[in-house]
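Report on the structure given below.
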Amino acid sequence: MPTATPNAPTSSRSRTVRFAIVRCDGPGKPERTELFDVPVEPGANIISCLQWIAANPVTIEGVRTTPPTWDSGCLEEVCGSCTMNINGRVRQACSALIDAVSPSTTPPGPGGATITLEPMRKFPVVRDLCVDRARFFRNLERIKAWVPVDGTYSLGAGPTESPDHQATRYALSTCMTCGCCLEACPQFLREDKPEAWDTSFVGAAVISQAVLFNDHPTGATLKPQRLDVLSGPGGVNDCGNSQNCVKVCPKEIPLTESIGAAGRQVTVHAVKKFFSGR
Amino acid sequence: MNGSKHRVIVVGGGLAGLAASVRIAEAGLPVDIFSIVPVKRSHSVCAQGGINACNEVARQQGYSEYEHFDESIYGGDFLAHQPPVYEMAHWAPKIIDLLDRMGVPFNRTNEGQRDLRLFGGSLYKRTHFAGATTGQQVLYALDEQTRRYAAEGKVTKYEHWEFLWPIIADDGACRGIVAQDLRTMQIRAFRADAVVMATGGNGLIFGQSTNSVMCTGGAASRCYQAGAKYANGEFIQVHPTAIPGADKLRLMSESARGEGGRVWVPAIKGPSGGWTRHPDPARDPRQIPASERYYFLEERYPKYGNIVPRDIATREIFNICMEGLGVAGGNMVYLDLTHLGREYIERKLLGIIEIYRKFVGEDPAEVPMKIFPGVHYTMGGLWTTYTPKPDLKGMTLGAPNSMMCSVPGLYAFGEVNYQYHGANRLGANALLSCIFDGLFCGLGVANAVRDAKRLASDEPQALYDRAAEQENAKQRRLVEGKGDQNPYQIAREMGAEMTAASTVVKSGPRLEQALAKIAELRDRAARISLADTGMWTNQNLSFARATADMLTLADAILRGGLERRESRGSHYRTDFPERNDAEFLATTVAQCNPDGTSRIAFEPVPKGIVEPRKRTYGKKDDAPASKPADAPKAPALALAAT
Amino acid sequence: MSETAHEAPAKQQPFMQRHHFLLRRLHSLTGVMPIGVFLINHLLTNSSVVWGMIDPKAGKTGHGGVATFQHEVDFIHSLPYLIIIEIFGLWLPIAFHSVLGVYYATTGRANNARYPFQDNWRYTLQRVSGYVGVLFIFYHVATLRWGWTFLVPGGTRWSAEYAASTLAQTLRGHASGLTLAGVGVSLFYMAGVSLLVFHLANGLWTAAITWGLTVSRQAQRRWGYACAGLGAALMAMAWSAVIGFATLDPVRARLVEESLRSAHRAEPALTAAPDAAPRRP
């Protein structure tokens, strides 16, 4: 079987791109930057270049180093694993095509194109480009991001739903917990102490998930509990409305609409609580 | 926390693993989930098209659970055992309802009912979908339920832990696992009264595939090396429509064809009706007139057209390119959605359209997509057993051996299980089989554990210490290796060889050659030296270990293919192009030799309720299309549903 | 609701966390009411030094702006319990809004270099304008209301009786002309009021999201136009006030005020006939 590579387009050219990778051997270890020159074919992306470097871990000075460590999974931008800062902007490495990230054809060297890779800065670094996003998942647990069904036995269909309502929920439900919105948020700061997570800002994605589950007829039974979290410390009130989240979201989730909706729900929730005395 | 002295380990946090965890936890047993990645990032997120189930609309058009069962058996070229498939097809509507209740945003009709789409291998709309990211949505629903159980202390997640070995007690039963924390690199033994493997497929053995980077098949291979049988390894689904890429092949869902996408190549129709290569095959596809577009699937399969099953579509696309009819003479054909209109495409297929836009940089609403087959799914897997109902119409619910491996106490659910799909999986049956395994067979696991006479807590600590030490020793050998071999290079050569020898078209001599190559690579793998010998988040070490395990499984895949001297489903031998039911209506069962090679036996497929029939999907010879096409009719026996 | 066992008992939480929602929302609310409403009023009053010039009634006095402004100031100073209104309606809310605002601003870390989006610049500017605004308001109130003249170049004491002239003199540094220090004060005023106007307009925009009034992107955009419009109008007033006073000749203004005063002493109303009322001691 021939390899499943398309015939190279006539405009194709192989070139060399320099990578500056921020490395760190582990929590508490110092950071350093290592440079690698990578031969790049058209259609290459950051992951394919990282794979090349992992197989040939030699810096431009000719020094043999350890292969860089990074997280990846689906490579189709649906799992959220390979989120990192590429040229200073947070995004998924798999969907970052080299020709788009570094269109310059100048060969590496002074004035040449360099692609900078650094880990997400809002989460503790595990090693090199790997970070620990446990806080993110903990926050999903705090806002009870689930529909409390009666169990896994067959109890008939779920509620019917208009196509518009489905479209709204679907958009929110494509959140892959990648953390781009958190990385770009000026209000979401790195917090390494797990005991401080429950009072630190939850960030756009988690607010949006709360809105998603509040919007489901069965999910709404936990709405008061979710809104208690969202109105408390680290909740939606901590949002500073910089709206970076919605601009960096790779899935184009309307995060700022979720924040507005959460604001409204929290307002109503507070008024209800005030008058019901609970 | 649950005070139960029982414990169940589930390895893998994809659909099958999470469905099993939720079901077993619900039955009152504490569950430990081990996953290399956070479970929400499991490979199940990549499933795009949908999930099959008989529904009211299809039912009133003559479809039924029985038809679903029959299609799946026929689609799998009669290699699948029938009772499990029968049971799965009948559970499918319940599973859809359950997912619906869990909040999966299935696409809706104007009235608010679940919308349906057409999928390969069926003439009825029976595929439920959530945009073009159904797998993601379904996985998230189960992830959410798992999170809920984790919050309630019923499930414990060990994320970023890699399964290393099943711990088998002196009575031959699996009573735990050895696993490694991929951050601290700590190796630990864990006790369990049952271990469910839900570790997915092995696409990485083929180098580039549509699979995620963790789909090495390493976990399955380790069970196989520990004595579990491996079945039907040679049946690897090559998806007809993938987008070639530098790092992986990205799937272009079958739903693109189900929603009306047409496959064609530029060609000239000769006076005799045959098609020949277009003189200018590289020109802009939008400029090519209809008369110079060869819709070869539609011409050759008038009944199913573009939605023939995957193995057939793959072979046809492959052959068209071999005949030199591919786009620009290369290994590409067009998958054309442009006639469907942007609004329709974006509403029904947005997820996959975006993948194409992002990774290729062209808009499928404007320009036909360029696609080529890519390794996609592992029909084979760990050999499992079950208890059929006496009339063969389904499996016995709650039977303790439901999808149990040849090692007692070790189970295989989902893609790592060889059941359900036979020689070829129908599109949108994978999500179904994963969830079905978890829910249906999870109950069996719970029963088995509750009724067990001997528990993991009864086993001596030495058993676990020994198992952990054995893995530590293996790791030391790898870390201290001073050889000249790079694991990435070995993996690359293995991928290229496996793709060339054991995918769309195979032959005896080529498979033998590949076996020799794998043997060579196995020798070289013994001389690996690591570029990173540190003991903190050492991905180099994990990859090197998996590479050796992939080679072991590759041997089983190749040898199964070599000894199966027939063609069936996805397995096509040029030297044996016909199906041979007399000899090979049988499961390939591989067992691992101490040196990592495999020995193959064939175990006849038990008689089921439908008899094997010729599997043609109404194929027409590629002759002048003078006579009218066969009128579409129901594809299978017109038996009433039960 | 019952299922909040997860969270720590309320008593153990620090004050800020225990009353997180209330404080956040009071912070937002005080920004709009009374502070925002006051700012609109205040700018309306102070820009009267410019718009008053087109008032035909006030024009008779020689400088309509000075006259109208004096009239507005007189009205404010005629309010009963002014000091109570000031303390509870203004100074305390401003102090509350400022202290909390500065505290909240420290919970963020601006990242405009990496994410130079317009919205993100407004996020940062909102905080910068808050910081500068606090300083400016303090200076403004201390010098003009509390009479901390040692902070005023030239040492001018603002007087409600001679509102325009003393204000002009404060901004210009000297009664007879613009000193260098005066330019500094004027520029500080320009910056201060501009930032506060921005702070209000942008704050109104974000408050609508915080309270959940604007949810959809379209609603946020439309309300954004409304806030921008309001901001532009306030900015025009703010600038005209600062420029109006910074270019006002205190000596001439003083003459206008003196004539007003004498007219006022004669008649309570500007339009009344002169020479009728008795002189005040």
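Quick notes on this one:
- Taking the Kirkwood radius as Rh and the Cα radius of gyration as Rg, region C:82-207 has a ratio of Rg/Rh equal to 1.04.
- Rounded to 5, percent antiparallel among DSSP beta bridges of the protein assembly as shown: 75
- A compact globular protein would have a Cα radius of gyration near 2.2 N^0.38 Å; the ratio found for chain C is 1.19.
- Simple label model, 7 Å out from Cα along Cβ direction - residue B:181 to residue C:77, nm: 7.4
- Descending principal axes extents, region B:243-375, alpha-carbon based, whole Å: 42, 32, 30
- Pairwise FRET efficiency - residue C:12 versus residue A:121, Cβ, R0 = 30 Å, nearest 0.05: 0.45
- The charge dipole of region B:192-282, taken about its Cα centre with unit charges on the Cβ of Lys, Arg, Asp and Glu (plus for the first two, minus for the last two), comes to roughly 200 debye.
- In this calculation the C-beta distance from residue C:175 to residue B:389 is compared with R0 = 60 Å, giving a FRET efficiency of 0.05.
- Here r is the Cβ-Cβ distance between residue A:221 and residue B:591 and R0 is 60 Å; the resulting FRET efficiency, rounded to 0.05, is 0.70.
- Three principal axis lengths of region A:15-127 [C-alpha, angstrom, descending]: 35, 33, 24
- Neighbouring Cβ atoms from other chains, within 10 Å of the Cβ of residues in A:204-217, number 1 on average.
- Note on region B:71-160: the C-alpha convex hull projects to 8.4 nm² when averaged across all orientations.
- Remark: spin-label model distance residue B:461-residue A:190 equals 4.0 nm, labels positioned 7 Å along the Cα→Cβ axis.
- All C-alpha pair distances within region B:467-580, sorted into 10 Å bins from zero, spread as 14, 39, 25, 16, 7, 0 percent across the bins.
- Quotient of Cα Rg and 2.2 N^0.38 Å for region B:108-159, N being how many residues it contains: 1.61
- Per-residue extension of 0.36 nm, minus the Cα-Cα distance of residue B:609 and residue B:470, leaves a gain of 45.4 nm for this segment.
- All C-alpha to C-alpha distances of chain B, sorted into 10 Å bins beginning at zero, yield P(r) values of 3, 17, 28, 27, 17, 6, 2, 0 percent in whole numbers.
- Residue list for region A:232-263, given a label point 7 angstrom along the Cα-to-Cβ vector of residue C:213 and an amide N cut-off under 17 Å: A:241, A:260-263
- Here each label is just a point 7 Å from Cα along the line to Cβ, and for residue A:138 and residue B:533 those points are 3.7 nm apart.
- Bridgeable lysines around residue B:5 (alpha carbons under 25 Å apart, same-chain partners fewer than 8 residues away excluded): B:154, B:157, B:453.
- The GluC sites (Glu not before Pro) found in region B:526-606 that occupy coil by DSSP, while having at most 10 further C-beta atoms within 10 Å, are B:578.
- Straight-line cross-link reach from residue B:370 at under 18 Å between alpha-carbon atoms covers these lysines, not counting any fewer than eight positions away in the same chain: B:248, B:358.
- P(r) tail, chain A: Cα-Cα pairs separated by more than 24 Å, 57% of all pairs.
- Averaged over peptide A:119-131, the number of partner chain Cβ atoms lying within 10 Å of each residue's Cβ comes to 2.
- Shielding of C:17-24 by partner chains, average beta-carbon count, 10 Å: 5
- Centroid-to-centroid separation of region C:129-206 and region B:28-56 [C-alpha atoms, Å]: 64
- In this structure, the pairs whose alpha-carbon distance is over 19 Å, taken from B:40/B:348; A:122/A:193; B:393/B:607, are B:40/B:348.
- Computed on the Cα trace of region B:47-120, the radius of gyration divided by the Kirkwood hydrodynamic radius gives Rg/Rh = 0.98.
- Extension gain for the segment residue B:397 to residue B:111, taken as residue separation times 0.36 nm less the Cα-Cα distance, is 99.4 nm to one decimal.
- Chymotrypsin sites (Phe, Trp or Tyr not before Pro) restricted to DSSP loop in region C:36-128 with at most 14 other C-beta within 10 Å: C:81
- Of all DSSP beta bridges in chain B, antiparallel share, percent nearest 5: 75
- Under the Debye formula (equal points on every Cα, no solvent term), log10 I(q)/I(0) of the protein assembly as shown at q = 0.10 Å⁻¹: -1.29
- Of all lysines in the structure, those lying under 19 Å Cα to Cα from residue B:620, and not within fewer than 8 positions of it along the same chain, are B:269, B:303, B:633.
- Helix axis angle, B:65-75 relative to chain B longest principal axis, alpha carbon, degrees: 80
- Highest average first, the peptides B:300-308, C:216-224, B:521-529 ordered by how many other beta carbon atoms sit within 10 Å of their residues are B:300-308, B:521-529, C:216-224.
Quick note: the coordinates plus some simple rules give every number you see, no bench work behind them. This one's a predicted model, so the numbers in the text were calculated from it and none came from an experiment. Here the Cβ is made from the backbone with ideal geometry for all residues, glycine too, and neighbour counts use every protein chain on show.
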